[in-house]
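Okay, so here's the structure we're looking at.
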Ligand code: ADE
């Protein structure tokens, strides 16, 4: 039976999902509340992990170890790295990698984690297809697929944005997806990342992010609910 783990970094990204859940209980582990119940009839566990890679990875592992989830989705906002992706648009990951993981001095490619057999952690195709269809239903004509670049940085500068694009070929950047992807990959759990664009990760990002964060987060929550419905 499918049991979906849903991770968002911030309150805004999970609050409407948690309020929409039925039969819910909450258990606190490592300082985060894990809400277990149903969403659109599907067994789910929703957690706000906090910002950044460590918070994201530890909550993903807790979902796997203590809540026995079978599938994992990361939902939230992201900065656009591609001119085709406008504010409010949706991105479903093909894969995810780090833009701030650097062991190049020892001969590794930018982003490569030593010991891992992939540079970018691949998303599950079936789950991604379902997420894409749900995103298209919520925001027709504004859903894209592509690589997600993750790092412990809010990207708000044109030069930095261009360097990330050159190193990763990603279409959007955020601060948790890659760590969730790596955790899922190491545990053999199918995952997908679903992000809504809140800013363009350039010099306008500091202004745009606070303005569009709530709209983008709402889009994500709508898509996640529809995905849960279709996974039943
Ligand atoms: N999440 C939303 N926008 C972002 C940005 N510009 N950089 C990193 N994470 C983000």
Item checked: Candidate set from region 140-162 (those that are in contact (Cβ under 8 Å) with a residue 60 or more places away in the chain and more than 22 Å from residue 210 (Cα to Cα)); member that is nearest to the chain's Cα centre (by Cα) -> 146
Check: Could you give every pair whose Cβ atoms fall below 7 Å, whose first residue belongs to region 182-207 and is in contact (Cβ under 8 Å) with a residue 40 or more places away in the chain, and whose second residue is surrounded by fewer than 24 Cβ atoms within 10 Å (Cβ to Cβ) and assigned to a strand (DSSP E or B), counting only separations of at least 6 or pairs across chains?
Finding: 189/71; 190/71
Checklist line | Qualifying positions in region 140-159 - within 13 Å of the ligand (Cβ to nearest atom), crowded, with 17+ Cβ neighbours inside 10 Å and not in a loop (DSSP other than H, G, I, E, B) | finding: 148, 149, 150
Notebook entry, point to check: Counting only residues that are outside any helix (DSSP H, G or I) and more than 15 Å from the ligand (Cβ to nearest atom), how many does region 200-232 have?
Noted result: 1
Notebook entry, point to check: Only one of 192, 137, 181 is part of a helix (DSSP H, G or I), under 14 Å from the mean Cα position of the chain (by Cα), away from the ligand (no atom under 11 Å from the Cβ) and within 30 Å of residue 70 (Cβ to Cβ); which?
Noted result: 181
Check: Which one of these does residue 82 not meet: (1) assigned to a loop (DSSP other than H, G, I, E, B); (2) out of contact with any helix residue (DSSP H, G or I) (no Cβ under 6 Å at 6 or more places or on another chain); (3) farther than 22 Å from residue 212 by Cβ?
Finding: (3)
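Being at positive phi, surrounded by fewer than 21 Cβ atoms within 10 Å (Cβ to Cβ) and in a loop (DSSP other than H, G, I, E, B): is that true of residue 111 here?
no
We did not get these values from a lab; they are worked out from the coordinates using the rules stated. Owing to the predicted nature of the structure, the values given are computational and were not obtained by experimental measurement. We place every Cβ from the backbone using ideal geometry, glycine too, and count neighbours over all the protein chains shown.
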